[in-house]
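The values are calculated or read from the model by the stated rules, or taken from the named source; none is laboratory data. In this text the structure is predicted, and so the values were computed from the model without any measurement. Cβ atoms come from the backbone with ideal geometry, glycine included; neighbour counts cover every protein chain shown.
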Amino acid sequence: MIPFNKPYMTGRELEYIAEAHRNGMLAGDGAFTKRSHEWLERRTGCSKALLTHSCTAALEMAALLIDIEPGDEVIMPSFTFVSTANAFVLRGAVPVFVDVREDTLNLDERLVEAAITERTRAIVPVHYAGVGCEMDVLLNIAGRHGLRVIEDAAQAVMATYKGRALGSIGDLGAYSFHETKNVISGEGGGLLVNDPALAERAEIVREKGTDRSRFFRGQVDKYTWQETGSSFLPGEIIAAFLWAQFGEADRITAIRHGIWDRYHEMLGPLAGKGAIRRPVVPDECGHNAHMYYVLLAPGADRAAVISEFRRNDIWPVFHYVPLHSSPAGRRYGRSHGGMGVTESIAARLLRLPLWIGISEAQQAEVVRVLTSAVT
Ligand SMILES: *Cc1c(COP(=O)(O)O)cnc(C)c1O
């Protein structure tokens with residue numbers, strides 16, 4: 001059996017969890033959380049990093065930090081995970097869905113400007129598969145219209161655009177450390193604060209709307225309720241686990257690249273025949289080998305391809321049900337322009353098993369089954 005995902009453990013997780021246990025400090029913002037913040041700040045160049053209990057939480061913090069209000073509009077792709085939209089809908093905003101590019105499956109920057117109205121407050125690019133969106137163009141549009149840019153960088157830890165870490169380029173960026181991502185803590189996430197003007201409020205929003213962090217630094221003599229917030233921080237056990245993964249983040253990324261590259265090479269002939277399309281990575285993007293997907297040819301029967309895989313005990317997955325066509329997406333959002341690319345790719349995309357430990361023979365078996373199913 002070849003599963004879709006197997007979470008990778010570095011071997012040091014339990015050692016660090018035992019250390020957190022010995023420290024006797026299990027709530028959030030202990031030693032492992034602080035180390036993790038410093039690591040993220042050093043590795044991404046953001047002005048402040050804050051661990052959260054999920055990427056979903058980091059996106060919710062972002063919506064609070066940029067003061068999203070009922071009726072505000074937020075431009076995003078429809079081809080994304082629900083949390084991208086939910087974070088803003090929770091504040092009463094309207095997600096405005098724009099189609100994606102055919103090559104990277106990322107928000108089509110050429111369609112964004114036409115979707116801007118008087119109510120638009122932010123653009124939310126999603127770096128699908130850890131491949132960067134066209135950030136220079138998006139930042140330029142945002143700058144000219146006074147909009148915020150929130151990067152959904154859930155899949156993009158250790159990936160870059162023009163040499164800069166994804167997540168560190170917009171006003172705020174959100175990372176995920178969910179077990180299906182590259183660097184993990186079971187559930188987990190991080191907010192990268194790149195606009196220094198938002199840094200102090202980010203601490204407050206994350207600590208139930210209080211200035212608790214300032215209190216612990218001795219900057220105020222008591223802490224009180226300052227503004228709308230919630231509890232967005234993980235406990236130290238999660239941070240200790242994550243710290244073990246950070247220590248191997250470069251190695252994890254390198255191993256995944258080896259697996260990704262092998263699929264890419266093995267699937268060259270099938271792509272050459274037009275039976276599938278392989279991922280496209282623009283030159284300015286340093287991706288993180290988060291995902292290896294293929295697009296089946298238009299009109300191909302994906303359900304039949306998946307059945308063929310299952311008969312061989314291989315478990316690929318597909319996603320997303322485009323948000324504009326989902327029940328909540330129709331209720332809370334609207335589309336700007338056609339969704340032709342989104343609908344086409346969402347029906348044809350297949351994600352192949354990719355995890356540390358998958359063998360060359362297993363990859364060859366995946367490629368053999370795919371080849372027999374589509375030719
Ligand atoms: C995984 C993912 C999320 C959610 O991450 P969690 O840490 O599970 O909350 C959000 N957006 C995208 C694009 C994702 O892939």
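Just a yes or no: is a residue in segment 217-227 modelled with pLDDT of 95 or more and buried (at least 22 other Cβ atoms within 10 Å of the Cβ)? No - not one qualifying residue is present in segment 217-227.
Tell me, which residue of segment 22-51 that is in a helix (DSSP H, G or I) and without any contact (Cβ under 8 Å) to a residue 12 or more places away in the chain is surrounded by the fewest Cβ atoms within 10 Å (Cβ to Cβ)? Please lay out each step first, then the result.
Within segment 22-51, the first condition is being in a helix (DSSP H, G or I), and the residues that meet it are 22-23, 31-44.
If we keep only those that are without any contact (Cβ under 8 Å) to a residue 12 or more places away in the chain as well, we get 22, 34, 38, 41-42.
Values: Arg22: 8, Lys34: 12, Glu38: 11, Glu41: 16, Arg42: 10.
Top of the filtered list is Arg22.
Within segment 257-293, the residues that satisfy the criterion of being outside any strand (DSSP E or B), more than 17 Å from Gln363 (Cα to Cα), among the small types (Gly, Ala, Ser) and touching a residue at least 12 places away in the same chain (Cβ under 8 Å) are Gly274, Ala275. Taken over segment 145-172, residues that are of a type in the set (S, T, N, Q) and closer than 23 Å to Glu203 by Cα amount to 1.
Taken over segment 149-162, the residue count meeting the criterion of being within 13 Å of the ligand (Cβ to nearest atom) and more than 21 Å from Glu179 (Cα to Cα) is 1.
For segment 189-204, the set of residues classified as touching a Leu at 6+ places or on another chain (Cβ under 6 Å) and either within 16 Å of the ligand (Cβ to nearest atom) or part of a loop (DSSP other than H, G, I, E, B) (or both) consists of Gly190, Leu191, listed by residue number.
Of the residues that sit in segment 160-178 and are within 12 Å of the chain's Cα centre (by Cα) and in a loop (DSSP other than H, G, I, E, B), which one is surrounded by the fewest Cβ atoms within 10 Å (Cβ to Cβ)? Step through it out loud before you land on a result.
Narrowing segment 160-178 to residues within 12 Å of the chain's Cα centre (by Cα): 166-167, 173-178.
From what's left, in a loop (DSSP other than H, G, I, E, B): 166-167, 177-178.
Numbers: Leu166: 31, Gly167: 29, Phe177: 28, His178: 18.
My answer is His178.
Among the residues making up segment 245-264, those that are of a type outside the set (Phe, Trp, Tyr) and crowded, with 20+ Cβ neighbours inside 10 Å are Gln245, Ile252, Thr253, Arg256, Ile259. Screening segment 294-375 for helices (runs of 4 or more DSSP H) wholly inside it with 1 or more residues that are under 19 Å from Asp103 (Cα atoms), in contact with an Asp or Glu (Cβ under 9 Å, 6 or more places away or on another chain) and assigned by TED's automatic domain parsing to the domain that holds Ile259 returns the ranges 340-348.
You will find that of Glu203, Glu187, Glu207, Glu227, the residue that is touching a His at 6+ places or on another chain (Cβ under 8 Å) and over 30 Å from Glu102 (Cα atoms) is Glu187 and no other. Screening Ala197 against (1) in contact (Cβ under 8 Å) with a residue 12 or more places away in the chain; (2) within 23 Å of Met61 (Cα to Cα); (3) of a type in the set (Gly, Ala, Ser) leaves a single unmet condition, (1).
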